[in-house]
Amino acid sequence: GAGAVSFRITANGETLYSHPMPVPEDPAPLVELDLSRWAGKSLWLEFVTDSMGANLCDWATWFDPKLVVRSP
């Protein structure tokens, strides 16, 4: 079967979100992050997927990430 994975989102190297999924069949949560403190600045976002232990038969994917600009 598939192995456990973890998801992480970083902004300029700072972890904003981290979610381990020890049971791959569990549904992933909907995530909303407030990036307003970087308004008008350069921002490097990373969507990281990593194995939690051995990486035999583990796989994971990010579903439809979106950046939404909202007016203040």
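Please work out if Leu67 is open to solvent by 90 Å² or more (accessible area, probe 1.4 Å), aliphatic (A, V, I, L, M), touching a strand residue (DSSP E or B) at 6+ places or on another chain (Cβ under 9 Å) and modelled with pLDDT under 90.
yes
Sort out which residues of segment 41-64 are modelled with pLDDT of 85 or more and more than 22 Å from Ala11 (Cβ to Cβ), and write them in order of number.
Passing the criteria: none in range.
Report every pair of residues separated by at least 6 positions or lying on different chains whose Cβ atoms are under 8 Å apart, first residue within segment 2-22 and without any contact (Cβ under 8 Å) to a residue 12 or more places away in the chain, second surrounded by 12 or more Cβ atoms within 10 Å (Cβ to Cβ).
Thr15/Arg8; Thr15/Ile9
Of all residues in segment 1-36 being within 15 Å of Leu67 (Cα to Cα) and assigned to a loop (DSSP other than H, G, I, E, B), which is modelled with the lowest pLDDT?
Leu30
The values are calculated or read from the model by the stated rules, or taken from the named source; none is laboratory data. These numbers were taken from a predicted model, which means no experiment stands behind them. Because the Cβ atoms are built from the backbone with ideal geometry, glycine has one as well, and the counts that use them run over all protein chains shown. The accessibility values were calculated without ligands, DNA or RNA, using every heavy atom of the protein model including side chains. Shrake-Rupley method; radii C 1.70, N 1.55, O 1.52, S 1.80 Å.
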